[in-house]
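S.K.: Shown below is the structure under consideration.
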Amino acid sequence: MQKKKIAIMGLGTVGGGAYDILTRNREYIMSTQDIDIEVAAILDRDETPLIRRGIAKSLFCSDIDKLAANGDIELVIETMGGVEPAKTFITKLLRSGKSVVTANKELLAKHWTELTRLAEQNGVGLYFEASCVGGVPIIRALGESLQGDRIQSVYGIINGTTNYILSKMSTENIDYTGALADAQKLGFAEADPKSDVEGYDAAYKLSILASLAFHTVVPYESVYREGITKITGADIVNAHALGYEIKLLAVCKRDGDTVEARVHPALVSRSHPLAAVSGAYNAVYLNGDSVGDLMFFGAGAGASPTGSAIVSDTVKALKGPRCCDFGGDRSDDNIKFAGDFTSGYYMCVTVDDKPGVLGKICTVLSDNGVSIKSALQREGTGERTTLLLLTHRASERSITAAMGEIEKLPVVAAVESMIRVL
Ligand code: NDP
Ligand code: HSE
């Protein structure tokens, strides 16, 4: 039986979840994995999180240099979050010959290449299963299970907080603010929930997933990003009337040397498997040229599911060869990142309730090369009415140009919303 000592930096939601699993399942892991993992040190701002869990204060450590110099500790779990001081701390640990397991997608998306190189140079590992899609083993699947495939596309619901908010708005008519407060209480949201609702968290994760899927660095800055803050209860009601749910969708595709990566709200037909993914659940729906369609589903956030991913990486790192080379950290100079993309669109337009209005809107769309798939008129007030339009696939440039012209039509009071359609 191998005995291993590890440390945790940041005993919050995820670090605490990992600690609980390592403690509760210590004997089970010993019996199934032939390895005894002891949490021998915990770094946090103060002792409060240790006291809350009844952990001996002697495990508390506030000095990263002491932790890095502690020769008994082989691996450190980083669950503090944020770029600094996490990056400095991880750098010191890798340099001192310790492997690191992290849930920190922001840090990885911003400094993956540098940190991976550092791990390689020091003969240690950097593991990050917990950084994307909570407890769903998608990193392992992309890095170790699909080597025979060229991945063509990945569609995902990869942020638990926004999916929780949209689901609550969709099924329980709970408003945005109330649903966000719930998600924060449940420990799904980031320290600054702007990262969730404005789509940054999903963009960081998509940068990681796309880099692994396409075997080249897809910088998070190249991911088009739009959050859910403009989605209203009316949008959700209208989407339902058309047979759709609204989801914060992450999409990446590779066509030859061109990679397209985007995060934005989208109408998802209720007949698509992603439409049924609700609450803090996440899913990744991908297509490989050999395997075909695959869907991964599970809890995308929270202490225990994410803790499970951390423990999985910890066991793997302590048992296996000290590296983690999935080949997503290398840039391919030939790759171009798409600036425009095509999609179907949903539009909600408030217009004068009189003859010929739909015709005028159709003319503008058609002049811009956009064709209408279906139109629904909501019951109006007499003077005004609402049109719900779904278009066939069109380029972002065409639809933006058309919208600009539609807004200026004298018969149009307002373009209330425009949302892409999966
Ligand atoms: P929490 O805020 O719950 O926990 C972070 C812990 O680290 C807290 O105890 C915090 O102390 C401590 N900490 C933060 N900064 C420092 C510092 N500079 N020095 C010492 N201690 C520090 O965050 P989460 O557990 O939710 O998230 C942690 C990481 O996991 C993030 O990278 C997040 O993106 C990622 N993640 C989170 C998931 C979730 O469901 N919550 C799921 C997947 C990934 P204090 O509270 O005093 O600030
Ligand atoms: N804030 C993140 C989410 C945590 O809601 O998905 C999981 O990465």
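Here, each number is a calculation from the coordinates, and none is a lab measurement. Everything numeric in this text was worked out from a predicted model, so none of it was measured. Here Cβ is always computed from backbone atoms with ideal geometry, including for glycine, and neighbour counts include all displayed protein chains.
S.K.: Could you order the peptides 253-264, 330-341 from most to least packed, using the average number of other C-beta atoms within 10 Å per residue?
M.R.: Averaged packing, sorted descending, gives the order 253-264, 330-341.
S.K.: Still on this structure, please answer the following. Computed over the Cα atoms of the stretch 206-341, what is the ratio Rg over Rh, Rh following Kirkwood?
M.R.: Ratio of gyration radius to Kirkwood radius: 1.01.
S.K.: Under unit Cβ charges (Lys, Arg +1; Asp, Glu -1), what dipole magnitude, rounded to 20 debye, does the chain have relative to its Cα centre? Display every interim value, and only then the final one.
M.R.: Numbers: 44 positive and 52 negative charges, 83 e Å.
The calculation lands at about 400 debye.
S.K.: Also, quick follow-up: How far is helix 303-319 tilted, in degrees, relative to the longest principal axis of the Cα atoms in the chain, given as a value from 0 to 90 rounded to the nearest 10?
M.R.: That works out to roughly 50 degrees.
S.K.: Also, I was wondering about something else. Build a GNM of the chain with springs between Cα atoms under 10 Å: which of Gly369, Gly123, Gly160 gets the top mean-square fluctuation?
M.R.: Taking springs between Cα atoms under 10 Å, the residue moving most is Gly369.
S.K.: Considering only DSSP states other than H, G, I, E and B, which trypsin sites (Lys or Arg not before Pro) in the stretch 1-106 qualify as loop sites with at most 14 other Cβ atoms within 10 Å?
M.R.: Taking the stretch 1-106 and a limit of 14 other Cβ atoms within 10 Å, the loop trypsin sites (Lys or Arg not before Pro) found are Arg45, Arg53.
S.K.: Now a separate question. In the neighborhood of Ser195, defined by Cβ-to-Cβ distances under 13 Å, what is the net charge if each Lys or Arg adds +1 and each Asp or Glu adds -1?
M.R.: It works out to a net charge of -1.
S.K.: In addition: Pick out which of Ala309, Ala402, Ala203 has the largest mean-square fluctuation in a Gaussian network model of the chain, springs linking Cα atoms closer than 10 Å.
M.R.: Taking springs between Cα atoms under 10 Å, the residue moving most is Ala402.
S.K.: Here's something else I'd like to know. Return one number: the angle in degrees, 0 to 90 and rounded to the nearest 10, between the long axis of the Cα atoms of helix 86-95 and the longest principal axis of the Cα atoms of the chain.
M.R.: Helix 86-95 and the main axis of the chain meet at about 40 degrees.
S.K.: Per residue of the stretch 60-77, what does 6.51 cos²θ - 1.76 cosθ + 1.60 with θ = phi - 60° give for ³J(HN,Hα)? Whole Hz please, x for Gly and Pro, Karplus curve as stated.
M.R.: With coefficients 6.51, -1.76 and 1.60, one gets 5, 9, 10, 10, 4, 5, 5, 5, 5, 7, 6, x, 6, 8, 9, 9, 10, 8 Hz.
S.K.: Cα axis of helix 105-121 to longest principal axis of the chain: angle in degrees, 0 to 90, nearest 10?
M.R.: 40 degrees
S.K.: With N set to the residue count of the chain, report its C-alpha Rg divided by 2.2 N^0.38 Å to two decimal places.
M.R.: 1.09
S.K.: Sum -39500 (n - 2.57) across every DSSP H segment of at least 4 residues in the chain, then divide by the residue count to get the 222 nm mean residue ellipticity, nearest 500.
M.R.: Calculated from helices alone, the mean residue ellipticity at 222 nm is -10500 deg cm²/dmol.
S.K.: Which of Gly16, Gly344, Gly356 ends up with the largest GNM mean-square fluctuation for the chain, with Cα atoms connected below 10 Å?
M.R.: Gly356
S.K.: How large is the dipole of the stretch 341-422 about the Cα centre if only Lys and Arg carry +1 and Asp and Glu carry -1, each at its Cβ, rounded to the nearest 20 debye? Each step should come with its number before you reach the end.
M.R.: Numbers: 9 positive and 9 negative charges, 51 e Å.
Approximately 240 debye in magnitude.
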